[in-house]
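Q: After the structure tokens below, expect a handful of questions from me.
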Amino acid sequence: MARKRRLNRLEPPIRAELTLGALALDGSATAEYEGRKVFVDYGMPGERVVAEIDIERPHALFGRVVEVLKAAPGRVEAPCEYFGECGGCQWQHVAYDRQLEFKRELVLEQLRGIGGFEEPTVSPTVGAENPWGYRNHVRFTAKSRGEIGFVRRGTHRFLRVDRCLIADDWINDAIPLLQGRAGGLHQVAIRRGVKTGELLVHPNLDHLGTSIPSGQKYYHEEVLGHRFRISGASFFQTNTQQAERLICLVRDKLQLRPRETLVDAYAGVGTFAVVLAEHVKRVIAIEESSAAVDDALVNIKGSPHIQYYMGKVEDVLGGIDEEMDALILDPPRVGVHASAIEAVLRKAPSRIVYVSCDPSTLARDLRLLVDGLADGARYDLVDVTPVDMFPQTHHIECVASLRHA
């Protein structure tokens, strides 16, 4: 039967026996089929598998493991009944210690390949005490008949879900209260303060007759003894326990002193600024989101030596007149704007900690900071430490430490 191409999908799919090689940044394993590169979901390096190749693009083929002929060390049985259908988790088939090793290896690969660092120092990945039940924020898709769930791997098709093993227990307990009753809704987002028990549930669900409180303007979470207000439009880490470990790591890498000025770029609702303010003389925070700044102005009450600027980092940073001793860069996935990098180099703080959720843009920006200006500052890369904020997935958070050269 001839294979038809529709929306890049092969019909019927190709079944091929493959030997899997290195992992890609999206969590898939790579292989070769008839001279073309294949990205294979749910595999591990070194395995011999039968793969179903169902997507063709100009640069590569894409598929998934349907049978394991020779398993790699560390392969385990995925505990979730939706694994392989749901697009949320990619690595439930990998033992957790191997997940941590894989994440470190992927960071090394990006630093070498994109950043051009020959022998970068990458510490072992900081793992989670509990790699399950950690998500404090889950966004469900709703169908017209009232069911809630997620989307299927590689598609926009709906998948009903009655329990998510990486979600907070309270969120899982809420699913049966919503299941079959969410008609007329497009999505339901549930955020929970793990330390406070407070909720932020959108949209308002009162018309559904459910017992779930909803329609709140904000909720609170506690991090390292500090209380933070978070509104619906504001970002906050989805793993509270690992967020605390991340902040402690940033604090330790910065080696702050009481007379110093710390600049917190991409400051959000003020998590770093508030926790670290007690270690320095002054904190200057920069944040573009008006919603996050509104939350931050509440969160920094009681810390008079924190000053917030609302605006883009690339527009604000270069205009700060006073000397900065230490700098936190915590940008979104796209990384730091090139003009912001230039402003950092001209301001030349003695220490920088760069917190990244994308190893590829991190590697790119670290190279710019290390190369520096032709006639000015440059930095030495001291260390990169992956932090596993998202167990069972391929997503990687990193904390990079730099010192003025």
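Q: Taking region 273-346, which trypsin sites (Lys or Arg not before Pro) meet the DSSP loop condition and have no more than 16 other C-beta atoms within 10 Å? Before the final figure, lay out the partial values.
A: On the way: sites: 281, 282, 301, 312, 333, 346; in loops: 281, 301, 312, 333.
Sites meeting the loop and neighbour criteria: 281, 301, 312, 333.
Q: Now, a different point. Going by C-beta contacts inside 10 Å, put 195, 253, 143, 103 in order with the fewest on the left.
A: On the way: 195 18, 253 23, 143 15, 103 30.
Final ranking by Cβ density, sparse to dense: 143, 195, 253, 103.
Q: Another question, then. Select from 211, 174, 188 the residue farthest towards the positive end of the dipole of region 137-231; place +1 on Cβ of Lys and Arg, -1 on Cβ of Asp and Glu, and compute about the Cα centre.
A: Of the listed residues, the answer is 188.
Q: Using r as the Cβ-Cβ distance of residue 105 and residue 248, and R0 as 22 Å, what FRET efficiency do you calculate, to the nearest 0.05?
A: Numbers: r = 24 Å, r/R0 = 1.11.
It comes to 0.35.
Q: Taking the DSSP beta bridges in the chain as the whole, what percent of them are antiparallel, to the nearest 5? Walk me through the intermediate numbers first.
A: Numbers: 61 of 87 bridges.
Here the share of antiparallel DSSP bridges comes out near 70 percent.
Q: If you count the DSSP beta bridges with both ends in region 285-405, what percent of them are antiparallel, to the nearest 5?
A: Numbers: 14 of 21 bridges.
Here the antiparallel bridges make up roughly 65 percent for region 285-405.
Q: A further question on this structure: Which of 57, 153, 181 ends up with the largest GNM mean-square fluctuation for the chain, with Cα atoms connected below 10 Å?
A: Its mean-square fluctuation being the largest, the pick is 57.
Q: For region 98-199, give the magnitude of the charge dipole about the Cα centre (Cβ charges: +1 Lys/Arg, -1 Asp/Glu; no others), in debye to the nearest 20.
A: Details: 17 positive and 12 negative charges, 137 e Å.
Magnitude of the dipole: close to 660 debye.
Q: Follow-up. Could you pull out the GluC sites (Glu not before Pro) across region 64-164 that fall in loop regions by DSSP (anything but H, G, I, E, B) with no more than 11 other Cβ atoms inside 10 Å? Could the numbers behind the result be given before it?
A: Working: sites: 67, 77, 81, 85, 101, 105, 109, 118, 129, 147; in loops: 77, 81, 85, 118, 129, 147.
Filter output for region 64-164: 77, 118, 129.
Q: If N is the number of residues in region 4-75, what value comes out of its Cα radius of gyration divided by 2.2 N^0.38 Å? Provide the component values of the computation, followed by the final result.
A: Values: Rg = 11.5 Å, N = 72, 2.2 N^0.38 = 11.2 Å.
It is 1.03.
Q: Can you tell me which lysines have their Cα less than 24 Å from the Cα of residue 301? Leave out same-chain residues fewer than eight positions away.
A: Hits, sequence-local ones excluded: 195, 217, 281, 312.
Q: List the lysines whose Cα lies under 21 Å from the Cα of residue 70, skipping any in the same chain that are fewer than 8 positions away.
A: Leaving aside lysines fewer than 8 places away in the same chain, those within reach of residue 70 are 37.
Throughout, read-outs are computed from the coordinates displayed, never taken from laboratory work. What you see is a predicted model, and the numbers here were worked out from it, not measured in a lab. Here Cβ is always computed from backbone atoms with ideal geometry, including for glycine, and neighbour counts include all displayed protein chains.
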